[in-house]
Amino acid sequence: MTTNSDPGKNYRLTDKDFRQINVRNLLFNQVGWNYERMQSSGYLWMILPQLRKMYGDDPEKLKEMMRLHNQFFNTSNFFNTIILGIDLAIEEEEGVKSRETVAGIKSGLMGPFAAIGDAIFGALIPAIMGAIAANLAINGNPIGIFIWMAVAVVIMVFRWHQLKFAHKEGVVLVTRLQDKLNALTNAATLLGVFIVGALIATMINVKLTFVAHLGDVSIDFQNIADMILPKLIPALVVAGIYWMLGRKRLNSTRVIFIVLFVSIALSALGIIGKM
């Protein structure tokens, strides 16, 4: 590459570069994850070949940009290449002069995109597809697993194409989305809450089977609970599990075993049963 006074400005990304970045993103995005800088090592490694092409003529400039991209970074795995594409588009135009702009864009966008990605891909889609697959499984239908596979493929295709789109749009994409990020996050979060509530009511089939007999009077605790609030028992079960997951010495594996043992014990004692 011909030496120039502003390394980075003479190189333009090719389709081969996009493929290389996408493969690294899909397979190794979390490589080197740590509590100090989280995804920074993976972010740097994804674009390291392109940085070498941009700044390879000036080792000091290359080191400077590598240090920049190894600063703290953490966002949704499903939207990280949008930030990356905007970053590379700016560096193509401005070279090393873009370091402050790039740092600002990374720090400014990683939070909103993390919220959107967690709401949509971490809660909404798994909840909806999990409900569909679980209902199919309960009825003995194995199609649910293929639905999950199809969704995974669609998500990977989405992640593959967003890099080139973000690179093409560049900074314009940020200005277009600026007023819509919070609204999209809030809408996805609210929809996710509705889905979780529906799952609690439809998928957690627990009821009180214990009936107290006081002389000629029988007290059906399940009817009393339904009079207070329909599906109260499933809601209390979820609330109890949520509380346990917040304890320091409890993790998801331990909570699963606690739920199993308590369920078996209460069922054997005739206190709870399946609706």
## Note on the structure
Checked Val96, Val31, Val23 against criteria (out of contact with any Cys (no Cβ under 9 Å at 6 or more places or on another chain) and without any contact (Cβ under 8 Å) to a residue 12 or more places away in the chain); the one match is Val23
### Tabulated pairs, the stretch 73-93, first touching a residue at least 24 places away in the same chain (Cβ under 8 Å), second assigned to a helix (DSSP H, G or I) and of a type in the set (Asp, Glu), C-beta under 9 angstrom, 6+ apart or interchain
Ser76/Asp118; Gly85/Glu169; Ile86/Glu169; Leu88/Asp17; Ala89/Glu169
### Among (1) at pLDDT below 90; (2) within 18 Å of Trp160 (Cβ to Cβ), the one test that Gln50 misses
(1)
### Message
Against the condition at pLDDT below 85 and either surrounded by 14 or more Cβ atoms within 10 Å (Cβ to Cβ) or polar (S, T, N, Q) (or both), how does Asp216 come out, does it pass?
### Response
no
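Just one of Gly192, Gly197 is over 28 Å from Thr101 (Cβ atoms), at pLDDT 70 or above, assigned to a helix (DSSP H, G or I) and of a type in the set (Gly, Ala, Ser); which is it?
Gly197
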### Query
Can Gly240 be described as free of Cβ contacts under 8 Å to residues at least 60 places away in the same chain and assigned by TED's automatic domain parsing to the domain that holds Asp118?
no
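Results for (1) in contact (Cβ under 8 Å) with a residue 40 or more places away in the chain; (2) closer than 19 Å to Asn29 by Cβ; (3) among the polar types (S, T, N, Q), shown as yes or no for each residue.
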residue	(1), (2), (3)
Gly104	no, no, no
Met110	no, yes, no
Ala115	yes, yes, no
Gly130	yes, no, no
Asn139	no, no, yes
Pro142	no, no, no
Ile155	yes, yes, no
Phe158	yes, yes, no
His161	no, yes, no
### Task
Kindly indicate whether Arg254 is loosely packed, with under 11 Cβ neighbours inside 10 Å, within 31 Å of the chain's Cα centre (by Cα) and not small (Gly, Ala, Ser).
no
## Note on the structure
The residue that is farthest from Asn22 (Cα to Cα), considering only those in the stretch 114-160 that are surrounded by 16 or more Cβ atoms within 10 Å (Cβ to Cβ) and among the aromatic types (Phe, Trp, Tyr), is Phe121
### Query
From the residues in the stretch 59-81 that are closer than 13 Å to Ile116 by Cα and of a type in the set (Ser, Thr, Tyr), which one is surrounded by the most Cβ atoms within 10 Å (Cβ to Cβ)?
Thr75
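The values are calculated or read from the model by the stated rules, or taken from the named source; none is laboratory data. This is a predicted model, so every value here is computed, not measured. Counting neighbours? That spans all protein chains shown, and the Cβs are built from the backbone with ideal geometry, glycine included.
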